[in-house]
1. Tally up the residues in segment 104-118 that are open to solvent by less than 80 Å² (accessible area, probe 1.4 Å) and either of a type outside the set (Phe, Trp, Tyr) or in contact with a strand residue (DSSP E or B) (Cβ under 8 Å, 6 or more places away or on another chain) (or both), please.
2. Within segment 119-138, can you find the residues that are open to solvent by 40 Å² or more (accessible area, probe 1.4 Å) and of a type in the set (Gly, Ala, Ser)?
3. Mind checking which residues of segment 139-165 are β-branched (Val, Ile, Thr) and part of a loop (DSSP other than H, G, I, E, B)?
4. Could you please tell me which pairs satisfy a Cβ distance under 8 Å, a separation of 6+ or placement on different chains, a first residue in segment 339-361 that is touching a residue at least 24 places away in the same chain (Cβ under 8 Å) and over 19 Å from VAL309 (Cα atoms), and a second residue that is part of a loop (DSSP other than H, G, I, E, B) and not hydrophobic (A, V, I, L, M, F, W, C)?
5. Residues ALA369, ALA407: which one is of a type outside the set (Val, Ile, Thr) and either closer than 29 Å to LEU258 by Cβ or crowded, with 19+ Cβ neighbours inside 10 Å (or both)?
6. Return yes or no: is PRO122 on the phi < 0 side of the Ramachandran plot, modelled with pLDDT of 95 or more and not polar (S, T, N, Q)?
Amino acid sequence: MPVPAVTAEAKELGFDADRLARITKHFKAYVDDGRLPGWLIAVSRHGETPYLETYGQRDMESGAPVELDTVFRFYSMSKPITSVAAMILFEEGKLELTDPVSKYIPSFGDTRVYLKGPATNPATVAQAQPMTIHNLLTHTSGLTYGFVYANGIDHLYRQAGFEWGTPAGMDLEGACDVWASIPLLFQPGTEWNYSVSTDVLGRVVEVVSGQSLGEFVEQRICTPLGMSDTSFWCNDDQADRFATLYMPAPGTRKAVVLPALGGRGSAAPVFLGGGGGLVGTAYDYMRFSQMLLNNGVLDGMRILGSRTVDYMGRNHLPGNKDLEEIGRPLFSETTFAGTGFGLGFSVVIDPVKAKNLCSLGEMAWGGAASTAFWVDRKEGITGLFLTQLLPSSTWPIRAELRKLVYAALVD
């Protein structure tokens, strides 16, 4: 399997090598004191990679190290990939961003909106305007997640079997019909809330394309980009490279195994979760990130038009507001000041307000197991952090990595 490699010296790309080395020192401490099991970090600029390091274990019990071909759970880093899949169909004229979701999933035509009252007997109203494909891409749909524990509606998701997984044997079509039967948290288009929106979007991709989400993503994104290790399950050939999933232990907050969610499927799952189901390698996600940096093309394989990537990378939240102003809190430890949301990922709209080193227009997102990526088209930079510690709010890894990377730029 292909693996990433250092392809240029730091100084050739405007970095100070000694300052880049701070990244290694800083994150080694996370492993040495037990906060993380191990990690892989890659930083590229203008298509070349001056920094690529691994440290620690992919499996602490066996001592197996994190290696360049280690397979990680991407979790919500699946969302940008599914969003690109939808935008491929948009470019081909097969769906519109203004289309009601119910055009493709009829059960959403009858979905009510929560008004007040307890989860056991909520008062609801009709949708003022239909939930659209644009609402799914921007998480302004009114849908939510069962693991959030923030309101009565997420209680109904858990009651239906949706917390960190799905009911046994339920496919994506069935899950969408259940979600459609639960009241929305708010009127579509009025607020931002992290949710199963991208999973619903994945079902739209299936209906429009006539393929399973796995088939479409493989044929239209992964194969053209050479992302040969990315799919919705870890196959037998990948088993010995698959990283174990960890959580912080109560009290010590040191990484301990999380068996309930750490298993490996050996065959295609029934539920193909476009919002969090993909697994893959650093090489694969670096290829995907570079495609976005290149405005939709990589090594002659065009996935999206340049203007489409531009459009995805704009802030699509109402009134050009940031996530702090219009978003429901994701985790109490997470701040999104100065950050809006585009079509599938966050977008920096005010670097000063963000209170960290970053660029206007930076596109980014992360996964539940503390993974993260970003694409900075202004500086020509892509960054990737892969580990397996759930939840992602445990440590301020993402902000720290950005600061260390941009502090190393000296051109």
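1. 9
2. ALA126, ALA128
3. THR140, THR144, VAL148
4. ASP350/ASP322; ASP350/GLY338; LYS353/ASP322; LYS353/GLY338
5. Details: ALA407 fails: either closer than 29 Å to LEU258 by Cβ or crowded, with 19+ Cβ neighbours inside 10 Å (or both).
Criteria check complete, one pass: ALA369.
6. Taking the combined requirement at face value, the residue does not satisfy it.
Quick grid of which residues meet (1) in contact with a Pro (Cβ under 9 Å, 6 or more places away or on another chain); (2) at pLDDT 90 or above; (3) of a type in the set (Ser, Thr, Tyr):
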residue: GLY226; (1), (2), (3): yes, yes, no
residue: ALA243; (1), (2), (3): yes, yes, no
residue: MET247; (1), (2), (3): yes, yes, no
residue: GLY251; (1), (2), (3): no, yes, no
residue: PRO259; (1), (2), (3): no, no, no
residue: GLY263; (1), (2), (3): no, no, no
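Residue by residue, here is whether (1) in contact with a His (Cβ under 6 Å, 6 or more places away or on another chain); (2) assigned to a strand (DSSP E or B); (3) without any contact (Cβ under 8 Å) to a residue 60 or more places away in the chain; (4) open to solvent by 10 Å² or more (accessible area, probe 1.4 Å) holds:
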{"site": "LEU36", "(1), (2), (3), (4)": "no, no, no, no"}
{"site": "PRO50", "(1), (2), (3), (4)": "no, yes, yes, yes"}
{"site": "PHE72", "(1), (2), (3), (4)": "no, yes, no, no"}
{"site": "PRO80", "(1), (2), (3), (4)": "no, no, no, no"}
{"site": "LEU95", "(1), (2), (3), (4)": "no, no, no, no"}
{"site": "SER102", "(1), (2), (3), (4)": "no, no, yes, yes"}
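The values are calculated or read from the model by the stated rules, or taken from the named source; none is laboratory data. Every value quoted in this text rests on a predicted model; they were computed, and no experiment measured them. Cβ coordinates were reconstructed from backbone atoms using ideal geometry, including for glycine residues, and neighbour counts include every protein chain displayed. These accessible areas exclude ligands, DNA and RNA; they are computed on the full protein's heavy atoms, side chains included. Shrake-Rupley method; radii C 1.70, N 1.55, O 1.52, S 1.80 Å.
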